[in-house]
Amino acid sequence: MSKIIQVLKKIAPLKEEDCRRLLNLTSAVQLDKGDYWIQPGKKNNNIAFLDNGYLRKFFEYDGNEITDSFYFENDFCTDLPSIIGNTLPHAGIIAMQKTSLTIFSYNELNELCKSSPALEHLFRVMIEFTFLRFYNRTVSFIMKSPKERYDELLVSSPKILQNAAQYHIASYLGISPQHLSRLRAKK
């Protein structure tokens, strides 16, 4: 059984026929370090499943990159707001190391969902998870201090701390690299 199907079956039960139909939509993409999965201003209606490697989502503002998210093995990655809103993406998503993706079209999956209640349920749950990820990140910036965000990151996302550069982690937390160094020194 393919890795993507194993992960999807953990999210929601799927019949073999649904798995087969979904796999027919997929293709493999290999990215080298520095390759874009999604370029700012360039339409991309695909969803990626990370077979291995890691991606970083960022915005450019006033000449600076602001890291918004990290994606690792077994994560799904897309720019959902640009797909749903039929706009060009504002953010870029770039490979931070050699990365293997299994991709499929959002629109093709949406069409497939019309004939499969199980896939419709799966798709809805995936979008709910995506919403919660965005919501929790927003709440953390409103309700938590930088130290609380860092402490939460230590527990919830050790892969970020193990793989990402300090300045990307600092940007993700909304602090300077120097502030991050002070937080790390206190641990």
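Can you tell me the convex hull volume per residue for segment 1-42, based on C-alpha atoms, in Å³ to the nearest whole number? Please report the intermediate quantities before stating the final value.
On the way: hull volume 5.1 nm³, N = 42.
In segment 1-42, the Cα hull volume divided by residue count equals 121 Å³.
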Which whole-number percent gives the relative contact order of the chain, counting Cα pairs below 8 Å spaced six or more residues apart? 25 percent
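Taking Cα pairs under 8 Å and at least six residues apart, what relative contact order does segment 1-99 come out at, in percent?
Worked out over segment 1-99, it gives 37 percent.
Since every read-out is calculated from the coordinates, none of them should be taken as a lab result. This is a predicted model, so every value here is computed, not measured.
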